[in-house]
Amino acid sequence: MSDSWKELREPVLEVVSAGPRTTELRVNAALDQLPIVQAAARTLTRRRGFALKEIAEVTHAIDEVGAARC
């Protein structure tokens, strides 16, 4: 296998804080990455002071993205 193919298949997780109120999360477009995205979203929403219902809405939206990819 070539190294370029290997780079495409390796897991990617990149979290960038672009300021006090902006965070960017990049992962591979794969269903096995959804738990990482959900965990990051739950953590960030809690730190930002979201209500429990709002946190649930965010994680539900992430679940819907995963369901649409199936």
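For R47, the shell of other residues with beta-carbons less than 14 Å away shows a net charge of +3, using +1 for Lys and Arg and -1 for Asp and Glu.
Between N28 and V12, the built amide H atoms are under 5 Å apart, and every one of these is 5 or more places off in sequence or on another chain.
Applying 0.36 nm per residue to the separation of F50 and Q38 and subtracting their alpha-carbon distance, the gain on full extension is 2.9 nm. Taking amide H as placed 1.01 Å from N in the peptide plane, the amide H of T23 sits under 5 Å from that of A18, each at least 5 places away or on another chain.
None of the figures in this text is laboratory data; all of them are computed from the coordinates on show. Model, not experiment: these values are computed from the prediction. Backbone-built Cβ (ideal geometry, glycine too); neighbour counts: all protein chains shown.
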